[in-house]
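Please read the structure below before turning to the comments.
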Ligand code: NI
């Protein structure tokens, strides 16, 4: 009998592919359109992609406290200077960081206090995982819509 018990989020490999898809999307954006958005008050692709990486680190810092150094400089959030290779590195490194946490049942099941907001409810790792997955998906949808509005074909994605 196989006594190996898989622990952690069982859909981590699927989410890893979603991260790879975000990187495919990054490279599908025309270089001169990286800051394009349909309206001046909406963030462009570059800022949205950096925001995804920053949000992952935010929750690893404010709740999980995994002891890993952040790779996204807070100022990267504002800048128009971050290159595609740098954004790709941010997405890969922050993915590796959250994957490490969400593949670990003990860290997933643990309860965390929000270090930034003392009135916040306690979070467990499942809540943080869902929050970050939903965040990846809803901003991916923003960017797919942007691509369509620009007349560009977004990469095909589906869950298999
Ligand atoms: Ni957001």
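Read the figures in this text as sums done on the coordinates, not as results from a lab. Everything quoted here is computed from the prediction, not taken from an experiment. Positions of Cβ are generated from backbone atoms using ideal geometry, with glycine treated the same way; all protein chains shown enter the neighbour counts.
Pair-distance distribution P(r) for the chain, from all Cα-Cα distances in 5 Å bins starting at 0: 2, 8, 18, 20, 19, 14, 10, 6, 2, 1, 0, 0 percent. Once the Cα-Cα distance is subtracted from the 0.36 nm per residue extended length, the residue 111 to residue 134 segment shows a gain of 6.3 nm. Largest GNM mean-square fluctuation among 140, 17, 92, using the chain with Cα springs under 10 Å: 17. Quick one: grab the alpha carbon gyration tensor of segment 109-160, order the square roots of its eigenvalues as a ≥ b ≥ c, and give me rounded if a/c is under 1.5, else prolate or oblate depending on whether a/b is larger than b/c. Taking the square roots of the gyration eigenvalues as a ≥ b ≥ c, segment 109-160 is oblate.
From the alpha carbon centroid of segment 43-63 to that of segment 93-135 is 14 Å.
Residue 39 to residue 18: FRET efficiency via 1/(1 + (r/R0)^6), r the Cβ-Cβ distance, R0 25 Å, to the nearest 0.05? The computed FRET efficiency comes out at 0.40.
Rounded to the nearest 10 degrees, the inclination of helix 45-59 to the longest alpha-carbon principal axis of the chain is 10 degrees.
Modelled spin labels at residue 69 and residue 83, positioned 7 Å past Cα toward Cβ, are 2.1 nm from each other.
Using helices alone, I'd like the mean residue ellipticity at 222 nm for the chain: each DSSP H run of four-plus residues gives -39500 (n - 2.57), total over residue count, nearest 500.
-17000 deg cm²/dmol
What FRET efficiency, computed as 1/(1 + (r/R0)^6) with R0 = 22 Å and r the Cβ-Cβ distance, is obtained for residue 145 and residue 28, rounded to the nearest 0.05?
Efficiency at R0 = 22 Å is approximately 0.95.
Against the chain, whose longest principal axis comes from its Cα atoms, helix 125-150 is set at around 10 degrees.
Please label the shape of segment 83-130 as rounded, prolate or oblate, based on the square roots a ≥ b ≥ c of the eigenvalues of the alpha-carbon gyration tensor (a/c under 1.5 means rounded; beyond that, a/b larger than b/c means prolate, else oblate). Oblate is the answer for segment 83-130, as a/c is 1.5 or above yet b/c matches or exceeds a/b.
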